[in-house]
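So the structure is just underneath, and the comments pick up after that.
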């Protein structure tokens, strides 16, 4: 899904949730006061907190959808993560406030019981919040948005808390003391736990915790399925705003050309993104060498400038060296394999001896292994 489509989906779903929350909060608070139900009133305050979080979601989704720029080369997805962390904190604080109010009601009980009509509005809240949860979670899965997922679970926590409210009010109406306040306290605990869970999930994203192990294993399988891939290592993952980012080193045949290796990398990137829509960025590093020996290769084998100087020295007096069109270097395990490319006109009997001498002199360098001779038109 494109960033703009993702933003529009997030905003549409959030605005629907905000509209439902606005109507529901007004009903819960009004009838919580008129019906003398602390639990329904507390649930109404919780719904008001949902309205504030809806606005946070709207702002964060708009900001996170901005294109990458010079100061943010990886985009603005972390804004969603920060917003999710803020939502978790708000939930926890609201829960603490409701819990303290419930405890105070037990310590200083009111002489009146809640009216039976409050049960209807508590049940109405269950239906509305569960519907919002399913609607929002469906959109979260489609957009791979942790922000929408956080808001969806916010709705689910409201639905569960309203279930407790219905039970508490019903028991109080039937004459069981303190049940309305006890229900408010249980609601508060549920809200606090949900807030901590959302906050921890956002925090794990901020510190670049890897993607789910099962997903990573499936990504590895897709990469290894390519016939051009010998092995994979340094497979690293992270999440930003609920979307996945992957870096991986793939081992390929050292005889492959740069363009073919690059083609394999692009092919793998396309397959992974198509198979796993949650992953939006795949960075592939091509390794013709095992990383275990790359340090020794860098330490022992010279770079091209040094090699060309050595070749000019050992080729001194061999005129045919002037006809070489291209020198290709293959950095292998401990030695360099070299390809010398001549024009097809050099493939004649009179040049054979000179090219043999040139080949032998090239192989005399202690860091050169195999020397291949090629002719092109």
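The values are calculated or read from the model by the stated rules, or taken from the named source; none is laboratory data. All of these numbers come straight from a predicted model, not from anything done at the bench. Backbone-built Cβ (ideal geometry, glycine too); neighbour counts: all protein chains shown.
Before moving on, here are some points about what is shown:
Yes/no matrix, rows are residues, columns are (1) more than 32 Å from the chain's Cα centre (by Cα); (2) assigned by TED's automatic domain parsing to the domain that holds residue 89; (3) touching a residue at least 60 places away in the same chain (Cβ under 8 Å); (4) not in a loop (DSSP other than H, G, I, E, B):
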position	(1), (2), (3), (4)
127	yes, yes, no, yes
132	no, yes, yes, yes
136	no, yes, yes, yes
147	no, yes, yes, yes
159	no, yes, no, yes
188	no, yes, yes, yes
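- Residue in region 205-220 that is over 19 Å from the mean Cα position of the chain (by Cα) and closer than 28 Å to residue 146 by Cα present: no
- Check on residue 96, assigned to a helix (DSSP H, G or I), out of contact with any helix residue (DSSP H, G or I) (no Cβ under 8 Å at 6 or more places or on another chain) and at pLDDT 80 or above: no
- Residue in region 101-118 that is in the same structural domain as residue 45 (by TED's automatic domain parsing), under 17 Å from residue 58 (Cα atoms) and part of a helix (DSSP H, G or I) present: no
- Boolean, residue 132 is within 18 Å of residue 54 (Cα to Cα) and at pLDDT 80 or above: yes
- Region 231-257 - residue that is surrounded by fewer than 15 Cβ atoms within 10 Å (Cβ to Cβ) and modelled with pLDDT of 85 or more and, of those, farthest from residue 85 (Cα to Cα): 231
- Qualifying residues in region 301-317 (those that are at pLDDT below 90 and surrounded by 13 or more Cβ atoms within 10 Å (Cβ to Cβ)) - the one farthest from residue 253 (Cα to Cα): 302
- In region 170-180, the qualifying residues are those that are modelled with pLDDT under 75 and not in a loop (DSSP other than H, G, I, E, B), and the one that is nearest to residue 88 (Cα to Cα) is 180.
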